[in-house]
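Read-outs throughout are calculated quantities, based only on the coordinates presented, and are distinct from any laboratory measurement. Model, not experiment: these values are computed from the prediction. Don't worry about glycine lacking a Cβ; one is built from the backbone with ideal geometry, like all the others, and counts go over all protein chains shown.
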Amino acid sequence: MNEYREFYAEGRWIPATGTMELTQASPVTEEPVSRLLACGESDVLLAVSAARRAQPRWAASSLNQRRRALQSLQTALARRTDGFVATLAEELGVPVWVSRTMQIPMPLANLDAMIEGLDLVVWEEQVRTARVIREPVGVIAAITPWNFPLHQIVAKIGGAIGAGCAAVLKPSEVAPGVARLFMEAVAEAELPAGVVNMVWGDARVGERLVGDPNVDLVSFTGSNEVGTRVARAAAETMKRTVMELGGKSAALVLDDADFDAAIPAVIRRCMVNSGQTCVAQSRLLVPRTRQDETLDRIVAALKEWPLGSPDAPDTRLGPVATARQFGRVNQYIEAAIGSGARMVAGGPGRAAEFERGWFIAPTVFAEVTRDMVLAREEVFGPVLAVMPYADEEEGIALANATPFGLSGGVWGADPARAASVARWIRAGQVIVNGAPSNPAAPFGGFGASGFGRENGRFSIEAFLEMKSIHGGPV
């Protein structure tokens, strides 16, 4: 079993002083794979103090210094690819192909976009008689989730480094090995001691970090329930927050779309990473006249998503990450059955071919209506809701019929029409005809999906404040 008993501050590993031990079980075998000693209150104070002492020096760093730090961090992370792949499989059950095509390449590409973004930020500008300066906000508390752990860590810590901010990371206790590998890369990067620090533990550690008066901004990614508590705690000391919360994204397939291309692509965006992505297109909206045809295509497409061991190269779908998540997803499946949705594939409980592990078969429901829980709430598992609509106006209304607004997709034969429909979708990101991801574009949500933006230069700009100097030389 892997033991994690040290946190990182002032450029060194320090024994944690907490008393609570947290155990993480393998989602494949259900046996313990790691044990983490949570940080005590004095550990959090030490990490924040280290960041506060490092802040003035790093705020004064040049863009070239920040560029070199990001480049050296990127190199150190890439060198650990095999370690990340193995750890993601062990801790979270992530299939090898998901790690090698998404979990690792995405944060490395995001670092490329941040390095480029350093020269795209408008650091100073003249506005009539005032000089407007963008400067670091101060010490960042970065609280990250377990589903894409490296990507979310990089989005926040990379942005802080680029902005000239010191940071304290509190990663998910579910994926400690990924965080440890990240901090080993930080130790190799061209960064002064104290610029990046890490504490770990459960929600109590996060609460201490958010409440520390020496933290200037909190960047949080996670559930709406926890995000609400974080925002409320941050408001006690008037901290700025960046919130990337849940989603219930819709793929709106127009009547003239290429269904041969659209349906397999939507299945991928729903099922990848066992559906544990905040941007999962978990609602498929199709013309009512083509619903039966769509369901046939879905059943055929699911044959390309075999469940299996995350270590196997042909596995496309692994288990969900935790016992808690296994129970939560199954509750949603049972609720959908109880509400009258028609189950087309999959079902509740452990997938039939497995005797242990948190494996859930890819599950699809048809005739899902907007009043059903399955249409409104984030499941965070391999579950797709197919919702028929009568015309384009109703399709847009269905796409917007949730409190969330993180992502979505539109498919149509006429790119101009599809792009026009995309403008009516209330979401921070809308993908037309399966366009490739763009790590330089801003990422974040509307409504219950949070506020603020990440990725590329937007990760940097999220951690800047504006100052106006009036009356000085131009």
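Below is a table of values for the structure above.
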quantity: Neighbour net charge for S282 - beta-carbon separation under 13 angstrom, K R +1, D E -1; calculated: +3
quantity: Calculated from backbone phi, Karplus (6.51, -1.76, 1.60) coupling profile of the stretch 334-343 in Hz, x at Gly/Pro; calculated: 4, 5, 5, 4, x, 7, x, 5, 8, 7
quantity: Farthest positive-ward along the chain dipole, Cα basis, beta-carbon charges - from S72, G177, M466; calculated: M466
quantity: Unit charges on C-beta of K, R, D, E only; dipole of the stretch 250-438, Debye; calculated: 600
quantity: Label-point separation, A235 to R53 (7 Å along Cα→Cβ), nm; calculated: 3.5
quantity: Leading residue at positive end of dipole, the stretch 250-438 (Cβ point charges), from A361, V286, A265; calculated: A361
quantity: Amide N proximity, the stretch 320-340 versus E367 label position 7 Å along Cα-to-Cβ, cut-off under 19 Å; calculated: 333-340
quantity: Approximate spin-label separation R342-S72, in nm, with each point projected 7 Å along Cα-to-Cβ; calculated: 6.2
quantity: Segment R79-A335, length gained on full extension (0.36 nm per residue, minus Cα span); calculated: 87.7 nm
quantity: Efficiency of FRET between R376 and S437 - r from beta-carbon atoms, R0 25 angstrom, step 0.05; calculated: 0.45
quantity: Test item: Cα-centred dipole of the stretch 191-286, Lys/Arg +1 and Asp/Glu -1 on Cβ, debye; calculated: 320
quantity: Read-out percent of Cα pairs over 35 Å apart, derived from the coordinates shown; its label in [x] 51; [y] 36; [z] 32; calculated: [z]
quantity: Degrees between helix 81-92 axis and first principal axis of the chain (Cα, 0 to 90, nearest 10); calculated: 60
quantity: Surrounding net charge for D216, when Lys and Arg each add one and Asp and Glu each subtract one, Cβ distance under 11 Å; calculated: +1
quantity: With Cα atoms, 0 to 90° folded angle of helix 224-235 axis to the chain main axis; calculated: 20
quantity: Cα centroid separation - the stretch 101-164 against the stretch 413-427, whole Å; calculated: 29
quantity: Centre separation in Å (Cα based) which lies between the stretch 203-257 and the stretch 169-200; calculated: 20
quantity: Magnitude of the charge dipole, the chain, Cβ model with Lys/Arg +1 and Asp/Glu -1, debye to 20; calculated: 1120
quantity: Between the stretch 62-98 and the stretch 277-356, the alpha-carbon center distance in angstrom; calculated: 29
quantity: Contact order relative to length of the stretch 250-438, as percent, for alpha carbon pairs under 8 angstrom and 6 or more apart; calculated: 28
quantity: Mean separation of Cα contacts under 8 Å (6+ apart) over length of the stretch 102-217, as relative contact order %; calculated: 28
quantity: Length-normalised contact order for the chain - Cα pairs under 8 Å, 6+ apart - percent; calculated: 20
quantity: Whichever lysines have a C-alpha closer than 30 Å to that of K248, once near sequence neighbours (fewer than 8 apart) are set aside; calculated: K156, K170, K239, K303
quantity: Contour excess over end-to-end distance, with Cα ends at R5 and R324 and 0.36 nm allotted per residue; calculated: 112.4 nm
quantity: T29 paired with A60, simple spin-label distance in nm, labels 7 Å along Cα-to-beta-carbon; calculated: 5.3
